[in-house]
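The values are calculated or read from the model by the stated rules, or taken from the named source; none is laboratory data. Because the structure is a prediction, the values reported are computed rather than measured. Using ideal geometry, Cβ is built from the backbone for each residue, glycine included, and neighbour counts are taken over all protein chains shown. Ligands, DNA and RNA are stripped out before the accessible areas are found, and what is left, the full protein with its side chains, is counted by its heavy atoms. Shrake-Rupley method; radii C 1.70, N 1.55, O 1.52, S 1.80 Å.
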Amino acid sequence: MVIVTASDNNFVPGLFLFIFSAWLHNREAKFVVIDAGIEPASVMELRRFRDRNGIDCQLVQADGKRISDLPTRGKLLTTAAYARILIPEILPDCDKAIYLDADTLVVSDLGALWLADLGDNLVAGVVDGFVEQEELDDIEMSRNEYINSGVLVMNLVAWRREGIADRVFATVRETAKSRYLDQTALNTVVRGRVLFLGREWNFFSERHVEIERRLPKVIHYAGSAKPWRYRRVPFADVFNFYRTLSGLDIPEGTLLLKSARRRKMILGLIGLRRKYWSSALATYYYRRRFTKPHLRSLGKMFSKVPLPPQHSTAVRERDAQLPTFS
């Protein structure tokens, strides 16, 4: 199994937890991290973490010449987003790869994802479902065929044979005003050759109220409210449990989301408004059906198979502060 991600310095805390969580559930996987602007100190720390745990993880440099002139959108959509398009070139001897964004958290074995039969399809992915209609209209695509690019299984043989990377980059340059840039360009190029996956493989944490209820296998902290920056974001407790287990000095979110949102929630519940009760019920459902059982089993697994010592401040606190769920 080959698992690839890409990151610049904006996503380093998520990158570390992604590698840790994916490895914890997929010990035999080979990992590739595409460095698209990670500070040297973080690269060194990632290598130390890899070596201490015996993780088969290769760090490779993104080809800046191929992506440096492509359009971006602030800190959430930098040139690092284009690194995934280079995977067929970075891994010339691989026929297939799983790509996951650095702001995902793997909470299961990815074996079924790896074994997905792509056939002649270029990618396997999960329907996004939340892209603005204007964006869809611009590329004449329906909502139920536009996939999110945060979790992909890629047919690398077909990509190389058909020059898909060059076609995606050309499309980005032609549609530079689109909101989602690389994702929209990717959808335009691979349209009609996509194997659609279930929502559990790309579970949007912030949209858990609106999406169909599936127990997540990959949690995607998409959007601006990252759990290493903000407190009380959906499924932050899962992220923080893995953060504690990892023994890494990854910061806990300290910023608070706007209090107005919380006031609206409280007033909505008091007023018996359906929207707010739906949110509360969804939160209760996932905490009862997923969060508590998952963290309980994870704690048991950790106690039976201790991780190698990490030699950090965080690991010294780990045993004393390891959360318990009853």
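Protection proxy ranking for 144-153, 25-34, 278-287, 80-89, using the average of other Cβ atoms within 10 Å per residue and placing the highest first: 80-89, 144-153, 25-34, 278-287.
Close amide H partners of Ala222, meaning residues 5 or more places away or on another chain with modelled amide H under 5 Å apart, are Ser205, Glu206. Remark: region 294-300, residue by residue, has Karplus-estimated 3J(HN,Hα) of 5, 5, 5, 5, 5, x, 5 Hz, where x stands for each Gly or Pro and the curve is 6.51 cos²θ - 1.76 cosθ + 1.60 at θ = phi - 60°. The percentage of C-alpha pairs in region 175-263 whose separation is greater than 22 Å is 46%. Can you list the residues, at least 5 places off or on another chain, whose amide H is less than 5 Å from the amide H of Cys57, using H built in the peptide plane? HN-HN under 5 Å from Cys57: Phe31. P(r) for region 93-205, from all Cα pairs and a bin width of 10 Å, is 13, 47, 34, 6 %, short bins first. Taking 1.306 mPa s as the viscosity and 10 °C as the temperature, the Stokes-Einstein diffusion coefficient of region 33-153 based on its alpha-carbon Kirkwood radius rounds to 95 µm²/s. Neighbours of Phe203 by Cβ distance under 11 Å: Lys/Arg scored +1, Asp/Glu scored -1, total +2. Can you send over the carbon and sulfur percentage of the accessible area for the chain, probe radius 1.4 Å, protein chains only? Of all accessible area on the chain, carbon and sulfur atoms account for 51 percent. Helix content alone sets the calculated 222 nm mean residue ellipticity of the chain: runs of n ≥ 4 DSSP H residues at -39500 (n - 2.57) each, divided across all residues, give -11500 deg cm²/dmol. Volume of the convex hull of region 54-111 (Cα atoms only), normalised per residue: 124 Å³.
Solvent-accessible area per residue in region 205-252 equals 41 Å², computed with a 1.4 angstrom probe and all protein chains kept. Rolling a 1.4 Å probe over the heavy atoms of the protein chains gives region 1-51 an accessible area of 34 Å² per residue. Backbone amide hydrogens, once placed in the peptide plane, bring Ser7 within less than 5 Å of Ile34, Ala36, excluding anything fewer than 5 places away on its chain. Whole-Hz Karplus values for region 179-185 come out as 6, 9, 6, 4, 5, 5, 5 Hz, taken residue by residue from phi with 6.51 cos²θ - 1.76 cosθ + 1.60 and θ = phi - 60°; glycine and proline positions read x.
Net charge dipole, the chain: roughly 1800 debye, given to the nearest 20, about the Cα centre with Cβ charges of +1 for Lys and Arg and -1 for Asp and Glu.
With kT/(6 pi eta Rh) evaluated at 10 °C and eta = 1.306 mPa s, and Rh the Kirkwood radius from Cα pairs, region 93-149 diffuses with a coefficient of 116 µm²/s according to Stokes-Einstein.
Counting only Cα atoms, region 113-271 measures 53, 38, 29 Å along its principal axes, largest extent leading. Solvent exposure of region 72-198, expressed per residue, is 40 Å² of accessible area, with all protein chains present and a 1.4 angstrom probe. In units of the rule-of-thumb radius 2.2 N^0.38 Å, the chain shows an alpha carbon radius of gyration of 1.00. Among 176-182, 209-215, 95-101, the peptide with the highest mean count of other Cβ atoms within 10 Å heads the list, and the full ranking is 95-101, 176-182, 209-215.
Note on region 6-83: Kirkwood radius taken over Cα pairs, Stokes-Einstein applied at 37 °C and 0.692 mPa s, translational D equal to 250 µm² s⁻¹.
For region 177-228, the equivalent ellipsoid derived from the Cα gyration tensor has semi-axes of 23, 17, 9 Å, listed largest first.
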